Amino acid sequence: MDIEPEVGEPDAGPWQAESLEGLVRRLLPAARHRPNRPWIVAVDGRSGSGKTTLVEHLLAQVPDSAAVHTDDVAWHLSFFDWADQLRDGVLEPLVKGEAVHYRPPGWVARERPGAIAVPAGRSVVWVEGSGSSRRALSHLIDASIWVQCDNVEARRRLRARDGQEEEELHREWEEEEIPFLLEDRPWERAAVIVAGMSAVEHDPKTQVVTAQPAPARAEIT
């Protein structure tokens, strides 16, 4: 199946099946962890691309890892203006080898119970979300993945997940997401591009479909 990315995003390929174990081995050194702190790996991609599903598989592959979702940091705050909160509340404590227990501003203002929590001693923390590997945070990210998906399929998934009543929210999101990603170009910093849909035949329980980054398409003006 061909993957038709959004204009300006990488037209990656050729695609090939790769074991999850092999992907982790490529992302992390043989030691599988940094001394006294976890590896921090961003899993970036457009909304609906398949990032959350990939992180679920990575968590199963690396049982002593943990995940943080940027949607939780951004909850009732902003679509994309949350870099300071992710840095101060999550990434900097992780880099120091500390546990994370963070209540973002939206949680406090709306009295959402609980907190974003990551115990100390994790080997890897997967930071999942559109914009998670942004340039402003790259000094705190050890490696990143760009999840590529067909733009039509990504929109179909969002409609199936959220229903037609969220169409206006999806439109508002895209109006910010597309220009943000085109300006920040996170795929250019990715160690690997992962297909968020079945580009080639593979076993989704044990394999992913990957490609090396390719030159981005020129924008249409």
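The values are calculated or read from the model by the stated rules, or taken from the named source; none is laboratory data. Because the structure is predicted, anything quoted here is derived from the model rather than measured. Glycine also receives a Cβ, built like all others from the backbone with ideal geometry; neighbour counts cover every protein chain displayed. Ligands, DNA and RNA are stripped out before the accessible areas are found, and what is left, the full protein with its side chains, is counted by its heavy atoms. Shrake-Rupley method; radii C 1.70, N 1.55, O 1.52, S 1.80 Å.
Scoring 35-41, 15-21 by mean Cβ neighbours within 10 Å over their residues and listing the highest first yields 35-41, 15-21.
Dividing the helix sum by the residues of the chain, where each DSSP H run of 4 or more adds -39500 (n - 2.57), gives a mean residue ellipticity at 222 nm of -8000 deg cm²/dmol. Annotation: extensible slack from His101 through His139 equals 11.5 nm (criterion: 0.36 nm per residue apart, minus Cα-Cα distance). Shape class of segment 1-67 from the Cα gyration tensor (axes a ≥ b ≥ c, square roots of the eigenvalues): prolate, since a/c reaches 1.5 or more and a/b is larger than b/c. In this Cβ point-charge picture (+1 for Lys and Arg, -1 for Asp and Glu), segment 113-160 has a dipole of about 200 debye about its Cα centre.
May I ask which residue of Pro105, Cys149, Pro119 lies farthest towards the positive end of the charge dipole of segment 94-165, with charges of +1 (Lys, Arg) and -1 (Asp, Glu) on Cβ and the Cα centre as origin? Working it through, the farthest residue towards the positive pole turns out to be Pro105. Anisotropy class assigned to segment 47-95 is oblate, per the alpha carbon gyration tensor with a/c at or over the 1.5 cut-off and a/b no larger than b/c. For segment 1-119, the solvent-accessible area with a 1.4 angstrom probe is 48 square angstrom per residue.
Working note: Debye formula, equal point scatterers on the alpha-carbon atoms of segment 41-133, no solvent; log10 I(q)/I(0) at q = 0.14, 0.15, 0.17, 0.20 Å⁻¹ is -0.48, -0.56, -0.72, -0.99.
Our summary gives the chain a relative contact order of 38 percent, counting only alpha carbon pairs under 8 angstrom and 6 or more residues apart.
Under a 5 Å amide H cut-off, with hydrogens placed 1.01 Å from N, Val127 pairs with Val41, Ala42, Val43, Val68 among residues at least 5 apart or on other chains. Placing +1 on the Cβ of every Lys and Arg and -1 on the Cβ of every Asp and Glu, with nothing else charged, gives the chain a dipole about its Cα centre of roughly 1040 debye.
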